[in-house]
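Please read the structure below before turning to the comments.
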Amino acid sequence: MLKLSQPNISEVAIEAVVDVLRSGQLVHGSESDEFERELAEYLGCCEVVLVSSGTAALHVALQALDISRNDAVIVPDFTFPATANAVSVCGARPVVVDVSSQNYTIDPELLEEAVRSWSGPEKLRAIIAVHEFGHVANMAEINRIAQKYDLFVIEDAACALGAHDQGTKAGTFGSLGCFSFHPRKTLTTGEGGAISTNSHELASKMRALRNHGMVRSERGMQFSEPATNYRLTNFQAALGRKQLPELDDWINWRRSLVQEYAIQLQSLIRAEKILQPEQAPGNSWQTFMIVLGSQFDRDSVISSLRDYSIESNLGAQSLSSLDLWGEQSPSLKVGPRLYRQGLALPLFERMSLKDVETVSSSLAKVLNDR
Ligand SMILES: *Cc1c(COP(=O)(O)O)cnc(C)c1O
């Protein structure tokens, strides 16, 4: 079976984890400190705060900006539910805006319309821009709108470590950038996450928020506010550290695989059986998702591909379609279609160009048979 995705853990990385286990320093320690420093350097931001998952990163980021009851936060329709769940868990209301069919990220025009016409009882406080699958959202426009209406920008860069727009890394455009190191992401520590920021003040606040609200002073341990434990372990940090120097090479190989997909899928695209996403140069391609024409039943295509020993899956969810976060605008169109017709194809470092050809020709057989 050709898998949809596979973590890329080297023997060297495994050794590094085992070394930490032998050392006995399992949480807090030099691996965590160094990983934070190296990530900040890689991203080109002042500080990085490690946490236990991408969802924890979103929760801590929202808490750091004091988002709570009576607040509303804009989120894109097409994303993993964690983006909206984090807002709900803070007691705030997620307001869903539709996405672009070109790169699956929030549509700036619809965003501005939603902000301008906001009339809910809650105060609109922030926008979460999601860099879905490694496609960098239109941050120039999003920041412009946020500035105009005095909103915070949080980037959900869970899928986008290493993605950039003209050299500026995803996660460093807004106030706070949230990353995930789940095994489905390109760099993984099992579970894990991080928050990037250029504000030392927010970084200190987030260090307390991930650690029971604890701050150290001359008088010893102080507890500043109620908070939870969202720490990453030292051995997970060691695992992440060994992957970071490889990441750009991995992303470059992913770009080559996607270019090959674009070539191999040309005839299906021309026949309007599928649509492919925009290929921006800075995309980190955590996932390659195409969109099937409405004549196809996506789940049955997934099952036919399985008969060719190829694993595929839906891409992400449509928040308005799941209907878990209160009433949303009834006019959403693109997100629901991506949720229904999106098909994620295999993409990981150990795949070959030949594998891409195999997937593409199998997909052609499946679709041309219908
Ligand atoms: C994976 C993902 C998350 C959640 O990250 P976890 O580490 O699994 O908690 C949040 N948002 C997006 C867009 C994701 O893809």
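Please treat every number below as a calculation from the coordinates, not as lab data. Keep in mind it's a predicted model, so treat the numbers as computed, not measured. Don't worry about glycine lacking a Cβ; one is built from the backbone with ideal geometry, like all the others, and counts go over all protein chains shown.
Tabulated values for the structure
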{"quantity": "Most fluctuating residue given options Arg340, Arg306, Arg216, as computed from a GNM of the chain linking Cα atoms under 10 Å", "calculated": "Arg216"}
{"quantity": "Burial ordering of Glu218, Glu278, Glu272, fewest other beta-carbon atoms within 10 Å first", "calculated": "Glu218, Glu272, Glu278"}
{"quantity": "Unit charges on C-beta of K, R, D, E only; dipole of segment 79-174, Debye", "calculated": "300 debye"}
{"quantity": "GluC sites (Glu not before Pro) within segment 101-199: DSSP coil, no more than 16 neighbouring Cβ in 10 Å", "calculated": "Glu122"}
{"quantity": "DSSP-defined antiparallel bridges as percent of all bridges, the chain, nearest 5", "calculated": "60 percent"}
{"quantity": "Furthest towards positive pole of dipole, Phe152, His131, Ile106, structure part segment 99-156, Cβ charges", "calculated": "Phe152"}
{"quantity": "Amide hydrogen neighbours beyond the local backbone of Asn211, cut-off 5 Å, H modeled", "calculated": "Tyr230"}
{"quantity": "Ranked Ser321, Ser217, Ser204, criterion: other C-beta atoms within 10 Å, fewest first", "calculated": "Ser217, Ser204, Ser321"}
{"quantity": "Per-residue HN-Hα couplings for segment 103-108 [Karplus 6.51, -1.76, 1.60; θ = phi - 60°; Hz; x = Gly/Pro]", "calculated": "9, 6, 9, 4, 7, x"}
{"quantity": "Order of Lys273, Lys354 - criterion: other Cβ atoms within 10 Å of each residue's Cβ, fewest first", "calculated": "Lys354, Lys273"}
{"quantity": "3J(HN,Hα) from dihedral phi, segment 207-220, Karplus parametrisation 6.51/-1.76/1.60, rounded to Hz, x for glycine, proline", "calculated": "5, 6, 4, 7, 9, 6, x, 7, 10, 9, 9, 4, 7, x"}
{"quantity": "Only Lys, Arg (+1) and Asp, Glu (-1) charged, at Cβ; segment 20-89 dipole about Cα centre in debye", "calculated": "280 debye"}
{"quantity": "Under 5 Å, built H, 5+ apart or other chain: amide partners of Val130", "calculated": "Ile106, Asp156"}
{"quantity": "Cα centroid of segment 209-254 to Cα centroid of segment 1-59, whole Å", "calculated": "8 Å"}
{"quantity": "Cleavage-rule hits, GluC sites (Glu not before Pro), segment 294-367, DSSP coil, Cβ neighbours within 10 Å at most 11", "calculated": "Glu327"}
{"quantity": "5 angstrom amide H check on Arg93, placed H, neighbours 5+ away", "calculated": "Asp71, Ala72, Val73"}
{"quantity": "Whole-angstrom gap from segment 292-343 to segment 277-291, using each part's C-alpha centre", "calculated": "17 Å"}
{"quantity": "Karplus (6.51, -1.76, 1.60) ³J(HN,Hα), θ = phi - 60°, over segment 69-76, in Hz, Gly and Pro reported as x", "calculated": "3, 6, 10, 10, 9, 7, 10, x"}
{"quantity": "Choice from Asn70, Asn313, Asn85 showing the highest fluctuation, given a GNM over the chain with Cα pairs closer than 10 Å", "calculated": "Asn70"}
{"quantity": "Glu349 paired with Gln295, simple spin-label distance in nm, labels 7 Å along Cα-to-beta-carbon", "calculated": "4.1 nm"}
{"quantity": "Additional length obtainable on full extension of the chain from Ser329 to Ser303, 0.36 nm per residue less Cα span", "calculated": "6.1 nm"}
{"quantity": "Cα-centred dipole magnitude for segment 215-355, charges only on beta-carbon of K, R (+1) and D, E (-1), debye, nearest 20", "calculated": "160 debye"}
{"quantity": "Cross-link pairs Lys185/Lys242; Lys333/Lys365; Lys3/Lys169 - those with Cα-Cα distance over 19 Å", "calculated": "Lys333/Lys365; Lys3/Lys169"}
{"quantity": "Gaussian network model of the chain, springs between alpha carbon atoms under 10 Å - residue of Leu161, Leu345, Leu202 with greatest fluctuation", "calculated": "Leu202"}
